[in-house]
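S.K.: Following this message is one structure expressed as C-alpha cells.
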Amino acid sequence: MNILFVADPLEAFQTYKDTTFAIMRELQRRGHRLAACEPRHLSWRTGGLVHAQVREIALTGTLDDWFVPERSATRALREFDTVLMRKDPPFDSEYFYATHLLEQAEREGARVFNKPAALRDHPEKLAIMEFAQFTGPTLVTRDADEVRRFHAEHQEIILKPLDGMGGMGIFRVGADGLNLGSIIETLNRHGATTIMVQRFLPEIAQGDKRVLVIGGKPVPYCLARIPQGSEIRGNLAAGGKGVAQPLSARDLEIASGIGPVLAARGLLLVGLDVIGERLTEVNVTSPTCFQEIAQQAGFDVAAMFVDALEAALARQAR
C-alpha cells in the first residue's frame, strides 16, 4: 500500500519515543510505501482535487538520520491507499481547516484515519461529556461564580483551559481557595473563555494513565505518567515519569465501554486519560505512548495498530 502521513515536520521527530515513527517503521517492515507532508502543504482549487506536495520516503533503520527522501511530487490525496492524520496538537484554526480539506479529500475518494469529521466532533477535553458515567465531578463554564460554587462543594479542584496540551495551563486550588480569583481571571479572561474545572483526584500520585484503544479494542497495557517532585501534572511534557503497566479492571471497563462507540465513528486510534478510576480526557488528534509501552512491557502497539489499519481498509474495499 501507499500511505500518506499528514504530520509535523519529519526533521523535528524525536524518534526514540515518537509514535508516528513507530507506525512508519512497522508499515515499512510489512512492505508498505511511505510518504509525508505537513498540513500547510494541503491545497484545493475549483475543478480539481485536494492535493499536497509530498515527500516519498524510506526509513534507514537508525534513529538519527532516520529517513531518506526518495522523491517529491504533487499528488492528489485519493491516489494513496490511506491517509493518516498525525499532526500533533494544538487543535487550532489551522488544524481545523486541515480537517475540512481532508474531509473534501474523503468526498473525492480518499480514506482518512482518524476520520476528519470525528476529529472535529471530539474535542479532547469536552468529549468526556458523552461518557459522564466514567468521569469525576466536572464543570464546563465561563461563569466565575459557578467555579467558586464548585470549589466550595469539592474543596480541592483542578482548573484547565479547553485548548491546552501537554499539561499547559493546569492549576490546582486547595481548600483555602488561595489565588482562585486570579486563576479564574487568567484562564477565562474575565468571562470571555470557557474553562474546565474538575474535582482534584489524589490518585494522580499513582499516575495519569494513558489507555490506548485501537480499532475499538483496548491495548492490554497503559502508560502511567507519574508526577515528579512537587508537580501535580503527570504529562511527559511536564516532566512526568512514564511507567507501563497492565490495565486494571476499571481501565478495561472504561476502554471497552467507550472504544467501540468511537471506532464506529471512524476513530481508529484513541488515547483515554484515566486517573484512578475516572476518565479525564479523550485524546483523538495524535495519541502517543506506543514506544514507551513496547519498550517496557514488550507489547508491540505499532503492530496492533497496523493490523487494525489493514483490517479497516480491507473492510472498506469490500
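The values are calculated or read from the model by the stated rules, or taken from the named source; none is laboratory data. Not measured: the values here are computed from a predicted model. Ideal geometry is used to build each Cβ from the backbone, glycine not excepted, and the neighbour counts take in all protein chains shown. Just so you know, the surface numbers come from the protein's heavy atoms only, side chains and all, with ligands and any DNA or RNA stripped out. Shrake-Rupley method; radii C 1.70, N 1.55, O 1.52, S 1.80 Å.
S.K.: Residue check: is residue 94 exposed (fewer than 15 other Cβ atoms within 10 Å of the Cβ), part of a helix (DSSP H, G or I) and at pLDDT 95 or above?
M.R.: Considered against the rule, which asks whether it is exposed (fewer than 15 other Cβ atoms within 10 Å of the Cβ), part of a helix (DSSP H, G or I) and at pLDDT 95 or above, residue 94 comes out as yes.
S.K.: Still on this structure, I have one more. Grab the helices (runs of 4 or more DSSP H) fully contained in the stretch 199-318, keeping just those with 2 or more residues being free of Cβ contacts under 8 Å to residues at least 12 places away in the same chain and under 30 Å from residue 33 (Cβ atoms).
M.R.: In the stretch 199-318, the matching helices (runs of 4 or more DSSP H) lie at 301-317.
S.K.: Anything in the stretch 171-217 that is among the basic types (Lys, Arg) and within 28 Å of residue 260 (Cα to Cα)? List them, or say none.
M.R.: Start the filter on the stretch 171-217 by keeping residues that are among the basic types (Lys, Arg), which leaves 172, 189, 199, 209-210, 217.
Residues satisfying the conditions are 199, 209, 210, 217.
S.K.: Let me ask another. Filtering the stretch 16-61 down to residues that are aromatic (Phe, Trp, Tyr) and under 27 Å from residue 283 (Cα atoms), which residue is least open to solvent (accessible area, probe 1.4 Å)?
M.R.: Checked the stretch 16-61; the qualifying residue least open to solvent (accessible area, probe 1.4 Å) is 21.
S.K.: Hey, any hits in the stretch 171-181 for a residue that's of a type outside the set (D, E, K, R), under 28 Å from residue 120 (Cα atoms) and not in a loop (DSSP other than H, G, I, E, B)?
M.R.: Yes, the stretch 171-181 contains at least one residue that is of a type outside the set (D, E, K, R), under 28 Å from residue 120 (Cα atoms) and not in a loop (DSSP other than H, G, I, E, B).
S.K.: Out of the stretch 115-136, which residues are in contact with a helix residue (DSSP H, G or I) (Cβ under 7 Å, 6 or more places away or on another chain) and either hydroxyl-bearing (Ser, Thr, Tyr) or closer than 19 Å to residue 253 by Cβ (or both)?
M.R.: Residues satisfying the conditions are 131, 134, 135.
S.K.: Report every pair of residues separated by at least 6 positions or lying on different chains whose Cβ atoms are under 6 Å apart, first residue within the stretch 137-158 and closer than 20 Å to residue 123 by Cβ, second of a type in the set (Val, Ile, Thr) and not in a helix (DSSP H, G or I).
M.R.: 139/197; 142/194; 147/197
S.K.: Given the residues 124, 153, which is the only one that is loosely packed, with under 15 Cβ neighbours inside 10 Å and not aromatic (Phe, Trp, Tyr)?
M.R.: 153
S.K.: Here are the criteria: (1) open to solvent by less than 70 Å² (accessible area, probe 1.4 Å); (2) in a loop (DSSP other than H, G, I, E, B). Tell me which single one residue 140 does not satisfy.
M.R.: Against the list (1) open to solvent by less than 70 Å² (accessible area, probe 1.4 Å); (2) in a loop (DSSP other than H, G, I, E, B), residue 140 comes up short only on (2).
S.K.: Within the stretch 62-80, track down each residue that is open to solvent by less than 50 Å² (accessible area, probe 1.4 Å) and either among the hydrophobic types (A, V, I, L, M, F, W, C) or farther than 22 Å from residue 13 by Cβ (or both).
M.R.: 66, 67, 73, 76, 77, 80
S.K.: Of all the residues that make up the stretch 169-198, how many are without any contact (Cβ under 8 Å) to a residue 24 or more places away in the chain and within 21 Å of the chain's Cα centre (by Cα)?
M.R.: Within the stretch 169-198, residues that are without any contact (Cβ under 8 Å) to a residue 24 or more places away in the chain and within 21 Å of the chain's Cα centre (by Cα) number 1.
S.K.: Here are 125, 115, 87: which of them is of a type in the set (Lys, Arg) and within 23 Å of residue 14 (Cα to Cα)?
M.R.: 87
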